[in-house]
Each structure stands twice: as C-alpha cells, then as structure tokens.
1. Tell me, what ³J(HN,Hα) does each residue in the stretch 54-66 have, in order and in whole Hz, if you take phi through Karplus 6.51 cos²θ - 1.76 cosθ + 1.60 with θ = phi - 60° and put x for Gly and Pro?
2. Of the listed peptides 46-53, 20-27, what is their order by residue-averaged count of other C-beta atoms within 10 Å, with the highest listed first?
Amino acid sequence: MIIRFFRQRRRTRNDAVRPETPEQQAIADAGDVPGWVMITLMTAALVVLLWAIAGPALTDLFNDAISRILSI
C-alpha cells in the first residue's frame, strides 16, 4: 500500500494533467499545504501588526462613540 502511494505520487507529479480519481487528486493537492500555511501565518502577522498600530486609536473611537450614545 505504501509503495502504491509513492508510485501514484511520483506519477501525478510528472503528469501535466490533473489526476482522475479523488484519491489521486488528494495526493496531488497535498503539496500545496505549506503554501497555505505560509499565507495564513503572514495574514495573522499583518493582523497583529495593524492591531498594534491602530488598536489604541480604535479603542478611543469606540469609547467615544459609546459615550456619545449614552449621553443622549
């Protein structure tokens, strides 16, 4: 079973067309996982950076809006 897995994996990497069976498709798509992990980590880093820069301003904006609503 393991040998068949590696044979299919080697064949799908060398083929120019998409694999035909769902099993072959899953094996072929497994190589894209590190790219998505990198995109997710970079997005999280950007969110943290923007939050660190704009967090106090957004907090003041929110508190000001709430105080205006409560004072009416």
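Rule-based calculations on the coordinates, nothing more; no lab input. As the structure is a computational prediction, the values presented were derived from the model and not from experiment. When we count neighbours, we look across all protein chains shown, and the Cβ atoms used for this are built from the backbone with ideal geometry, even at glycine.
1. 9, x, x, 5, 5, 5, 5, 4, 5, 4, 5, 5, 5
2. Numbers: 46-53: 10.2, 20-27: 11.9.
Highest-to-lowest ranking by the protection proxy: 20-27, 46-53.
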